[in-house]
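Chemist: Sharing a structure below in structure tokens format, with a few things to ask.
The values are calculated or read from the model by the stated rules, or taken from the named source; none is laboratory data. Keep in mind the model is a prediction, meaning the values are calculated, not measured. Note that we place each Cβ from the backbone using ideal geometry, even for glycine, and neighbour counts take in every protein chain shown.
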Amino acid sequence: MEKVLTRNIGSDLQPTDLKAYEANGGYQGLRKALAELSPKDCLDVISAANLRGRGGAGFPTGMKWSFVPMGDKCTPGHKYLVCNADEMEPGAFKDRLLMECDPHQLIEGMILSAYTIDADISYIFIRGEYVVAIQRLRDALAECYAAGYLGDNILGSGFSLNMYLHPSAGRYICGEETALINALEGKRANPRAKPPFPQVSGLWGRPTIVNNVETLCNIAHIIDRGAEWFKTLGVGEDSGTKMFGVSGRVKNPGCWELPMGTPIRHILEDRAGGMQDGLELKGFLPGGGSTDFLTPDHLDLAMDYNVIGKAGSRMGTGTMIILDDQTCPVGMVLNLIRFFAHESCGFCTPCRDGLPWTRQVLEDIESGRGRAEDLDTLAYQVSYIGAMGNTHCALAPGAMEPLQSALKYFRDDFDRHISGGSCPYHSHTRQGA
Amino acid sequence: MIDAQMIQTDVSSALSPEELSEIDGELAHVPYKSGAAIDALKIVQAKRGWISDQSLQAIAKYLDMSAEELEGIATFYNLIYRRPVGKKVILFCDSVSCWICGCDGIKQKLTDVLGVDYGETTQDDAYTLIPVPCLGACDRAPVMMVGDDLHTHLDEAKIDALFSDKNKKAGGNS
């Protein structure tokens, strides 16, 4: 298949500098748009391409952008384009690769996105631990200013854009777009109530678009080569290619660019090499730590947003976490809940107090202190904390997804912990004991 | 947390000219001063390793914020340190993929070698050990960062090799 997002990424994982990026067609999409296309033309192409957000929610990018007030419908002042590079979802490691190895692809996509919504200021909000990506993006931004791709009157078009890098001070909730905006404003990263949506009132109260790294990396290619070309890349319902990843105890964990709609079996068996010797596949989270478990029965499903949704999970980030038959499912869910409880911003009660309660119940079960009625408690917590509308944002409902599906698929394991008074898996150090 | 005696913090004696100049650089592109709060905390922390009460007071004063508001921000973020840390901070990933790949055993080994648990600093001030949310290197699990360096595919031998000087010291002292 044709490599799009990874075409400049070699096996040595070295960064692509401006010269190498331009030599492989880089900044052609930008030149074309500034010379021939209006912002409306660009929006139409992105909408027609059916690009969906790669950060986890899968919201159509063109539709998201279409809510930004344009021209005389917008009050005078700045508009902002923000790249969400705060990759902190447990099990997600795709944006790191894109930023470390091809920073210009992201920057070109951001300039084009800013042009489309008429933004004059843009930020890359990147997690502070990504020190290599931060340095490489910093170098790439300097190259862009020197070459006239950023700053005033870009390539003589009259369009001006400044781009800043903002390394985060670190909290998972910063990945939620309104929390990210609060963090950019120097505040605690509590999510905001919606509406108003950021497209209308975001950073500093001005129209703001927040998109994931991988989403933005697609933009220049779509503008350069067209919506129809982009649609042909997918092999299922969705358009384009996708960064898919596999982690856990497989032979060859990694991250690969594959067509949208690639069957899970191909990713797991042909790319990740299948399970390590002596281990069987028990289940997997298809799109990071806040997605529902699927099982070996689902291996022939296509990795498309709707297909995975109909199976009861979410494609999320597209980075799968594999549960093998010698790792405790209760322990795995406990690890995830512990993460989400720690990363709760503390703003609303069901999340701030509910997640530690869930953690406590799971710690009891994992360490052999569980009681039969604990399973009813967990079911209640799933139904209450997991319901969108009971919480201020999607963090706690997301945290409940692996738990609710573990209760469905691995109920026996929970029962064995309780009836046996200990964790039946001895391959790992037990948590919470 | 905040010492009442330091309410009258003198900004220019608490913050260096370099720090103030870098904070000014951030103020240039925010519409109001408190917008640079996180950047200012990071600038000062980069020079001093952590944010003392005195630094916090001075930054708050410089940004026209209350110390309490800035404290709420400083304590919210994982990578702003309100206590002294060692020369290098070890960010140990204990999230799901690293856990599946056996990070609990590595953590135990690390604690044995360094003689510290989460939140603690080694006696020689060389290292502070803290857990970190998923480091985004799950294909190379288990992983951790020591200072700015990412260490991947961790096993006990790698921990021994990384901290071989510590091993000897621990043996000698105990």
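Chemist: Going through B:D53, B:D117, B:D94 one at a time, which residue ends up being closer than 30 Å to B:P142 by Cα, surrounded by fewer than 20 Cβ atoms within 10 Å (Cβ to Cβ), modelled with pLDDT of 95 or more and acidic (D, E)?
Modeler: On the way: B:D53 fails: closer than 30 Å to B:P142 by Cα; B:D94 fails: surrounded by fewer than 20 Cβ atoms within 10 Å (Cβ to Cβ).
Among B:D53, B:D117, B:D94, only B:D117 is closer than 30 Å to B:P142 by Cα, surrounded by fewer than 20 Cβ atoms within 10 Å (Cβ to Cβ), modelled with pLDDT of 95 or more and acidic (D, E).
Chemist: Within the set of pairs 6 or more residues apart or between chains, which connect a residue that is more than 7 Å from chain A (Cβ to nearest Cβ) inside segment B:135-156 to a residue that is part of a helix (DSSP H, G or I) with Cβ atoms less than 6 Å apart?
Modeler: Short answer, once both residue conditions are applied: B:P142/B:C98; B:P142/B:C103; B:P142/B:I106; B:T152/B:R140; B:H153/B:R140; B:L154/B:I106; B:E156/B:K109.
So that you can scan it fast, the table gives a plain yes or no per residue for (1) over 21 Å from the mean Cα position of the chain (by Cα); (2) within 14 Å of chain B (Cβ to nearest Cβ); (3) among the acidic types (D, E):
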site	(1), (2), (3)
A:P76	yes, no, no
A:D86	no, yes, yes
A:F93	no, yes, no
A:G109	no, no, no
A:I117	yes, no, no
A:S122	no, yes, no
A:V131	no, yes, no
A:I134	no, yes, no
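Chemist: Ok, one more. For a quick check of your reading: which helices (runs of 4 or more DSSP H) sit entirely within segment A:13-126 and have at least 1 residues that are hydrophobic (A, V, I, L, M, F, W, C) and farther than 20 Å from A:G151 by Cβ?
Modeler: Numbers: elements: A:18-23, A:28-36, A:39-48, A:61-66, A:94-101, A:103-117.
Counting at least 1 such residues, we get A:18-23, A:39-48, A:61-66, A:94-101.
Chemist: Considering only segment A:148-168, I want to know if a residue exists there that is surrounded by 22 or more Cβ atoms within 10 Å (Cβ to Cβ) and of a type in the set (S, T, N, Q).
Modeler: yes
Chemist: In this structure, is B:I100 under 15 Å from B:W50 (Cα atoms), hydrophobic (A, V, I, L, M, F, W, C) and within 13 Å of another protein chain (Cβ to nearest Cβ)? Outline the logic, then answer.
Modeler: Details: under 15 Å from B:W50 (Cα atoms): no; hydrophobic (A, V, I, L, M, F, W, C): yes; within 13 Å of another protein chain (Cβ to nearest Cβ): yes.
Here the answer is no, as B:I100 does not meet what is asked.
Chemist: Right, next: When the residues of segment A:95-107 are narrowed to those that are among the acidic types (D, E) and more than 10 Å from chain B (Cβ to nearest Cβ), which ends up surrounded by the most Cβ atoms within 10 Å (Cβ to Cβ)?
Modeler: Keep residues of segment A:95-107 that are among the acidic types (D, E), which gives A:95, A:100, A:102.
Retained after the next criterion (residues that are more than 10 Å from chain B (Cβ to nearest Cβ)): A:100, A:102.
Numbers: A:E100: 19, A:D102: 25.
For segment A:95-107, the residue satisfying everything is A:D102.
Chemist: Follow-up. Within segment A:135-147, track down each residue that is in contact with a strand residue (DSSP E or B) (Cβ under 7 Å, 6 or more places away or on another chain) and either surrounded by fewer than 21 Cβ atoms within 10 Å (Cβ to Cβ) or farther than 27 Å from B:D149 by Cβ (or both). Quick ask: steps written out before the conclusion?
Modeler: First, the residues of segment A:135-147 that are in contact with a strand residue (DSSP E or B) (Cβ under 7 Å, 6 or more places away or on another chain): A:137-138, A:141, A:145.
Selection gives A:R138, A:L141, A:Y145.
Chemist: Can you tell me which residue is farthest from the chain's Cα centre (by Cα) among those in segment A:287-315 that are charged (D, E, K, R) and assigned to a helix (DSSP H, G or I)? Spell out how you get there, then give the answer.
Modeler: Here is the first cut: in segment A:287-315, the residues charged (D, E, K, R) are A:292, A:297, A:300, A:304, A:310, A:314.
Restricting the remaining residues to those that are assigned to a helix (DSSP H, G or I) gives A:297, A:310.
Working: A:D297: 25, A:K310: 20 Å.
Per the criteria, the residue is A:D297.
Chemist: Taking the options B:K33, B:K87, B:K42, B:K47, name whichever one is within 12 Å of chain A (Cβ to nearest Cβ), among the charged types (D, E, K, R), more than 20 Å from A:C174 (Cβ to Cβ) and touching a residue at least 24 places away in the same chain (Cβ under 8 Å).
Modeler: Working: B:K87 fails: within 12 Å of chain A (Cβ to nearest Cβ); B:K42 fails: more than 20 Å from A:C174 (Cβ to Cβ); B:K47 fails: within 12 Å of chain A (Cβ to nearest Cβ).
Going through B:K33, B:K87, B:K42, B:K47 in turn, just one is within 12 Å of chain A (Cβ to nearest Cβ), among the charged types (D, E, K, R), more than 20 Å from A:C174 (Cβ to Cβ) and touching a residue at least 24 places away in the same chain (Cβ under 8 Å): B:K33.
Chemist: B:S66 passes all but one of (1) closer than 30 Å to B:L20 by Cβ; (2) among the polar types (S, T, N, Q); (3) more than 14 Å from every other protein chain (Cβ to nearest Cβ); which number fails?
Modeler: Failed condition: (3).
Chemist: State which residue is farthest from the other protein chains (Cβ to nearest Cβ) when the search covers only segment B:103-114 and only residues that are buried (at least 21 other Cβ atoms within 10 Å of the Cβ) and not charged (D, E, K, R).
Modeler: The initial filter retains those residues of segment B:103-114 that are buried (at least 21 other Cβ atoms within 10 Å of the Cβ), namely B:103, B:106-107, B:110, B:114.
Of the ones still in play, those that are also not charged (D, E, K, R) are B:103, B:106, B:110, B:114.
Working: B:C103: 9, B:I106: 10, B:L110: 13, B:L114: 18 Å.
Looking at residues that are buried (at least 21 other Cβ atoms within 10 Å of the Cβ) and not charged (D, E, K, R), I get B:L114.
Chemist: Name the pairs: first residue in segment A:279-301 and more than 13 Å from A:V333 (Cβ to Cβ), second residue assigned to a loop (DSSP other than H, G, I, E, B) and β-branched (V, I, T), Cβ to Cβ under 6 Å, at least 6 apart or on different chains?
Modeler: Between residues of segment A:279-301 that are more than 13 Å from A:V333 (Cβ to Cβ) and residues that are assigned to a loop (DSSP other than H, G, I, E, B) and β-branched (V, I, T), the close pairs are A:G287/A:T317; A:G288/A:T317.
Chemist: Is it the case that A:I365 is of a type in the set (A, V, I, L, M), more than 29 Å from A:R265 (Cβ to Cβ) and crowded, with 19+ Cβ neighbours inside 10 Å?
Modeler: Numbers: of a type in the set (A, V, I, L, M): yes; more than 29 Å from A:R265 (Cβ to Cβ): yes; crowded, with 19+ Cβ neighbours inside 10 Å: yes.
In short, yes.
Chemist: Hey, another quick one. Look at A:F347 and say whether it is in contact with a Pro (Cβ under 8 Å, 6 or more places away or on another chain), of a type outside the set (V, I, T) and surrounded by fewer than 19 Cβ atoms within 10 Å (Cβ to Cβ).
Modeler: Here the answer is yes, as A:F347 does meet what is asked.
Chemist: Look through A:T377, A:T327 and report the one residue that is at negative phi, of a type in the set (S, T, N, Q) and not in a helix (DSSP H, G or I). Can you show your working first?
Modeler: Working: A:T377 fails: not in a helix (DSSP H, G or I).
After applying the criteria, what remains is A:T327.
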